[in-house]
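Everything on this sheet refers to the single structure shown next.
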Amino acid sequence: MLGVLTGIGGYLPPTVVTNDDLCSTLDTSDEWIVARTGIRERRKVADGASTRDLAVEAGKRALRSAERTTVDAVVLATTSFDRLCPAVAPEVAHLLGLDTVAAFDLTSACSGFLYGLATCNGLIATGVADSVLFIGAEAFTTLVDPDDRNTAPIFGDGAGAVVLRRGEPEEPGALGGFDLGSDGARADLLAIPAGGSRQRSAVGLGFAEVPTNEWYLQMAGRPLYTQAVERMSASSRRALKDADWAVADVDLFVGHQANVRIVQAVAEELGLPQEKVAVNIDRVGNTLAASIPLLLNDCVDRGQLRAGDRVLLSAFGAGLSWGSTTLVWPDVPVETVH
Ligand code: UT7
């Protein structure tokens with residue numbers, strides 16, 4: 001017994017921030033952002049709204065897609081918590097009318113969707129839950145310095161969700177084997193230094209003394225780029241081997257959307273033609289844990305992903321952390337994510 005994908009949904013907050021919008025306050029250009037990242041626009045959470053609100057909307061749509069009103073557990077992958085404590089998932093479960101089900105958050109930045117799928121698969125395989133609503137949701141723009149041209153153009157807000165149920169490995173939608181990995185020696189390449197126990201325990205350091213930029217994301221783009229291509233390629237190969245698929249068996253490569261050049265380079269490394277590379281970063285930017293479910297939803301919606309297609313999923317992010325898996329796409333309805 002293992003997890004079988006049986007529903008999917010996504011949600012984007014309505015506020016669109018175009019590259020031209022960013023140019024009014026940042027020393028950048030539409031040409032640079034499009035050429036270096038593939039991003040044309042991204043979404044921004046409304047003032048006063050948070051990850052919770054995005055997660056609830058995506059969760060509703062995934063439950064509708066699965067034609068379910070109940071699940072045994074809610075798992076939320078995020079790196080942009082509403083508050084340091086408590087977890088967001090119990091409140092999301094409550095707002096979805098799911099009563100007192102098991103609910104918790106997990107954090108693995110941009111690889112959160114892969115780590116979360118593996119975790120939910122484990123809950124199902126061990127009999128803890130027969131069905132799980134798994135949401136990747138991020139209001140990450142709240143953690144990005146609007147005056148930093150290295151990071152402000154890259155990230156966007158949004159949420160994507162799937163419903164998993166107990167099933168058999170031969171069924172369409174059954175999750176394949178997982179390849180997961182990490183490299184904590186490179187933890188500082190992508191980090192938000194302030195706000196956690198390390199900064200709080202620093203002797204004599206009051207909140208007023210924390211340099212402003214430490215409250216925001218700090219990113220070393222170049223080395224991350226190299227790591228992303230290397231790690232996602234190697235991890236994808238291991239997941240394909242586990243599934244006993246040749247590269248040519250893959251109908252669609254759904255890779256985390258950090259930079260269009262990264263997923264294109266991974267495809268080139270693997271020997272996958274570019275037409276098999278799924279892309280929606282142009283309209284959403286990097287939405288961390290929400291990236292892969294939002295992309296899957298978009299691909300089904302535009303007819304690029306059909307029931308029976310063989311899908312390779314792969315992600316890479318802060319930690320460093322990465323993960324990959326495979327699945328044969330099931331016949332699930334989707335709603336357009338506007
Ligand atoms: O989500 C998973 C984790 N994140 C990633 O995997 C991110 C991986 N990294 C990347 O995607 C790319 O490294 C970036 C898109 C972040 C940056 O692209 P790049 O081609 O690596 O640019 P760079 O940081 O090496 O900067 C090249 C030049 C620099 O100018 P000089 O020093 O060559 O004169 C930057 O100052 O581009 C400049 N630059 C910009 N120019 C205009 C950096 N950001 C901007 C900008 N607009 N927004």
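Throughout, read-outs are computed from the coordinates displayed, never taken from laboratory work. Please read all numbers here as calculations on a predicted model, not as lab measurements. Backbone-built Cβ (ideal geometry, glycine too); neighbour counts: all protein chains shown.
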Inset, instruction - Going by C-beta contacts inside 10 Å, put K60, K44, K241 in order with the fewest on the left. - result: K241, K60, K44
Inset, instruction - On a C-alpha basis, how far is the centre of the range 1-35 from the centre of the range 192-250 in Å? Whole number, if you could? - result: 19 Å
Inset, instruction - Pull up the DSSP beta bridges for the range 2-167 and report the antiparallel fraction as a percent, rounded to 5. - result: 70 percent
Inset, instruction - Provide the gained length on full extension for the span D148 to R306, in nm with one decimal, where the gain is 0.36 nm per separating residue minus the Cα-Cα distance. - result: 52.9 nm
Inset, instruction - Would you work out the charge dipole size for the range 237-338 about its Cα centre, treating the Cβ of every Lys and Arg as +1 and the Cβ of every Asp and Glu as -1, and quote it to the nearest 20 debye? - result: 240 debye
Inset, instruction - Just name one of A194, A139, G122: the one whose Cα is farthest towards the positive end of the charge dipole of the chain (beta-carbon charges, Lys/Arg +1, Asp/Glu -1). - result: G122
Legend entry - Net charge dipole size for the chain [Lys, Arg +1 and Asp, Glu -1 on Cβ; Debye, nearest 20]: 300 debye
Legend entry - Additional length obtainable on full extension of the chain from D183 to E230, 0.36 nm per residue less Cα span: 15.7 nm
Inset, instruction - Select from S29, T151, V4 the residue farthest towards the positive end of the dipole of the range 2-167; place +1 on Cβ of Lys and Arg, -1 on Cβ of Asp and Glu, and compute about the Cα centre. - result: V4
Legend entry - R0 of 30 Å, Cβ-Cβ distance D21-Q199: FRET efficiency to nearest 0.05: 0.40
Legend entry - Part-to-part distance (alpha-carbon centres) for the range 63-96 and the range 270-330, which is given in Å: 22 Å
Inset, instruction - Go ahead and estimate [θ] at 222 nm for the chain from helices alone: -39,500 (n - 2.57) per DSSP H run with n ≥ 4, summed, over the residue count, rounded to 500. - result: -9000 deg cm²/dmol
Legend entry - Sequence of W32, W322 once ranked by neighbouring C-beta atoms within 10 Å, starting from the fewest: W32, W322
Legend entry - Hull-based mean projected area of the chain, where the convex hull spans the alpha carbons, in square nanometres: 16.5 nm²
Inset, instruction - Please report R237, R52 as a ranked list, fewest other C-beta atoms within 10 angstrom at the top and most at the bottom. - result: R237, R52
Inset, instruction - Show me 274-280, 81-87, 106-112 ranked by packing, highest mean number of other Cβ atoms within 10 Å first. - result: 106-112, 274-280, 81-87
